[in-house]
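Here the structure comes first, spelled out in structure tokens, and everything after it is commentary.
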Amino acid sequence: MKQVNRRDFLKSTMVAGLSSSILTPDILSSQSKPENVTTPQVFPTKPAGKKVIVAGAGIAGLCCGYELMKRGHEVTVLEGSPRHGGHVLTVRDGLSDGLYADFGAENITQPGYELFWNYAKQFNLTVLPYPKRENVLRRIKGQFYSEEMLRDPTVLKKFGFNAREIKYLSENDWPELDLLYTKPYLTKFTDEYQPFGVGYDNLDTTPIANIFRKEGASKAALEFLGGQETSAQFELWRQAILQMRGLPLYPKKVFRLQNGNQSLPNAFAKQLGERVKLNSPITAIRHDPKGVMVKYLEFGKEKEITADFLANCIPLPAFSKITMTPALPPEKQYVLDHIAYDSYARFVFQASSKFWLKDNLSINMELNHPEIGGIWQVAEEIDTHRVALMGMGPGGTTPQRAVAAFREVYPGKQDTIEQALVKDWPSEKYAFTCERLNFAMGSLKKLWPHVMRPHGRIHFAGAYADNLNWGMEAATRSANRVAQEIDQIG
């Protein structure tokens, strides 16, 4: 059962140090939209408007800048790289027949991504179903199992699950197994932004695996669930947030934007126009009770800009490299030093046909291979016999090795892969991080809510600066929070 420990597997696919990418990113074709959507709207600056520097033009920075601009504030967005979008990246280059792939943030849910859906409607972006989590084949101990097989009590018994677990798994999806043991604990949480004071403060140094064990989890279930290094308080809080939002632990029904998820950052950038400065890395920040001064490079020449506030939307590992005067207080510095992120490679295989259909297989597979975690189809709506398949793997895995790993475990006869690309996120200078990882055991009170609290005139937004580390949702939620915070300051 060790091979299906999803937490251990996720950790194994988040190792840094990938080989160089063979992509030229940020090649997008525009989507036709009504004129009143494509034309930037005019948002006059209010006489009492504030001057705000937004650090970073990922989806959080662009969203924050857009919301501040809408409220009548003077905004400048500084981005160190030559492209906007950060970890939201749609790529066409290297693929044929109009195929494309989201090499970064790639799916949204409903419910759960309310702001994203609202923005998609506002900018007339088409949302498509994304069937990547339907009819999944899972490889366990070298053998593939369909979802139907994994609901079969006979199969479940062979794995070593107990009678209670067999009954539960025959009626629920495997990623929901936690709830068999944790559901009674979740009702104590009533505020999704408040994990303390509900009776679990002593559990931050207790592994969630102890809760599973206490509630009667079998050895097989414990091997699948893991959790020996996950704070019980943090994990119960995380699951409670999902429950409060009406979401399963692992939503099977997900969606994406037609033409790629970068369509939303593109829409924000279109509205912001020349307020966004690319290739303008921040080198130093000076702050005091009256305002902020930022030094940045523009074609190698140092420039300065002053403002009333700074909205930092740069991931903390990159932000911590910027000279800060005066230094941040110890509680904020602890956050910078201890927030951990995942990072991994994205693969895209271009194939000349839907080869899996000849083998009567689903292409949605959890491969459980150390060099490729899964495979699924993207850009399904493109009218071509060719297909684009997405996968992910750990650092150091080349495109060629990813194809070889897929072929090692593919349960069919033969594939028709003709091209392989990789996006090497850890090798990126500015957007090398993905989602924030769970807080380490014993650190919840030191990290929460300090991770999202402003310090003086510096505010913090991004996928890391919210209670749930759900990529684009956390980014837009925190961006709106910061825009509102700054707007409401007298």
Q) How much length, in nm to one decimal, is gained on full extension between Lys158 and Gln414, taken as 0.36 nm per residue of separation minus their Cα-Cα distance? A) 89.1 nm
Q. For Ala327 and Lys290, what is the calculated FRET efficiency with R₀ set at 22 Å and r taken between the beta-carbons, to the nearest 0.05?
A. 0.75
**Q.** Net charge of neighbours whose Cβ lies under 12 Å from the Cβ of Phe439, counting Lys and Arg as +1 and Asp and Glu as -1
**A.** +1
Q.
What distance in nm separates the two pseudo spin-label positions at Val42 and Glu304, each 7 Å out from Cα along the beta-carbon direction?
A. 3.5
Q. How about Lys301: which lysines have a C-alpha closer than 20 Å to its C-alpha, ignoring those fewer than 8 places off in the same chain?
A. Lys277, Lys321, Lys429
Q. With labels modelled as points extended 7 Å from the Cα through the Cβ direction, what inter-label distance (nm, one decimal) is found for Ser96 paired with Ser427?
A. 2.5
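Rounded to the nearest 0.05, what FRET efficiency is calculated for Asn172 and Asp359 with R0 set to 45 Å and r the Cβ-Cβ distance?
0.95
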Q.
As a test of the definition: which semi-axes, in Å, follow for segment 240-356 when you take the square root of five times each eigenvalue of its alpha carbon gyration tensor? Largest first, please.
A. 36, 23, 16
(Q) Counting only other residues whose beta carbon sits under 15 Å from that of Ile489, what net charge do I get with K and R as +1, D and E as -1? (A) +3
Q. What is the dipole size for the chain, taken about its Cα centre, with +1 at each Lys and Arg Cβ and -1 at each Asp and Glu Cβ, in debye to the nearest 20?
A. 440
Q) Which label belongs to the value computed from this structure, given these candidates for Cα extents along the principal axes in Å: (i) 201, 108, 50; (ii) 65, 65, 44; (iii) 71, 57, 38? A) (iii)
(Q) Quick check: convex hull over the Cα atoms of segment 45-142, volume per residue in Å³, rounded to an integer? (A) 191
Q. Given segment 147-244 reduced to its alpha-carbon atoms as identical point scatterers, what log10 I(q)/I(0) does the Debye formula return at q = 0.13, 0.14, 0.17, 0.21 Å⁻¹?
A. -0.47, -0.54, -0.74, -1.01
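Would you mind getting me the FRET efficiency between Lys446 and Thr190? Use the beta-carbon distance for r and R0 = 25 Å, nearest 0.05.
0.60
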Q | Positive-end extreme of charge dipole, segment 370-462 - chosen from Val403, Val422, Gly462 (charges on Cβ) | A | Gly462
Q) Taking K and R as +1 and D and E as -1, what net charge do the other residues with C-beta under 13 Å from the C-beta of Pro129 add up to? A) +2
Q.
Which one, Pro82, Thr45, Phe439, is farthest towards the positive end of the dipole of the chain when Lys and Arg carry +1 and Asp and Glu -1 on their Cβ?
A. Phe439
Q. Taking Cα pairs under 8 Å and at least six residues apart, what relative contact order does the chain come out at, in percent?
A. 26
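Just so you know, all these numbers are worked out from the coordinates, no wet-lab data involved. What you see is a predicted model; the values in this text were computed from it and never measured. Don't worry about glycine lacking a Cβ; one is built from the backbone with ideal geometry, like all the others, and counts go over all protein chains shown.
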